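Here's the structure, in structure tokens; my notes come after.
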Amino acid sequence: MNNQLIKKENLSIFNKIRAFFKNIFSKKNKQQMVSTNIQENASKNYDEFAKNLKVNITTNLEKEYEFKNFIKKIEDNPDIIENLSNDRLDILINYYEKITNAKKIKIEKLKASVN
């Protein structure tokens, strides 16, 4: 059998101290670089998320606001209905059907609770 061990390097005390500090500072730099990369990625992702969220909220609110104004105009002046396109009329019909269905359900519940 060949029992040869790996030879231990004979380093001077100064080389050992230099290697020790080199290891400490290189680990610290690596950790700092990793943490800064993570923070940069997180901030970029948050910024993108915030922009998308703002866009979605504003577009939905604008649509609802425009629709409510449209309904108010029609309720104030019913003659406008004659000039509407088929798509607008379909939207208007669906809106009022939802309202009437909700009210029918409430009426049925009230009737059932009375009996």
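How do PHE14, PHE49 stack up against each other in accessible area, from largest to smallest, with a 1.4 angstrom probe? Let's see the in-between values first.
On the way: PHE14 150, PHE49 125 Å².
Result, largest first: PHE14, PHE49.
Rounded to whole Å, the principal axis extents of the Cα atoms in segment 61-115 read 46, 27, 20, largest first.
The values are calculated or read from the model by the stated rules, or taken from the named source; none is laboratory data. Since the model is a prediction, treat every value here as computed from it, not as a measurement. Side chains are part of the model used for accessible areas, which takes the heavy atoms of the whole protein and leaves out ligands, DNA and RNA. Shrake-Rupley method; radii C 1.70, N 1.55, O 1.52, S 1.80 Å.
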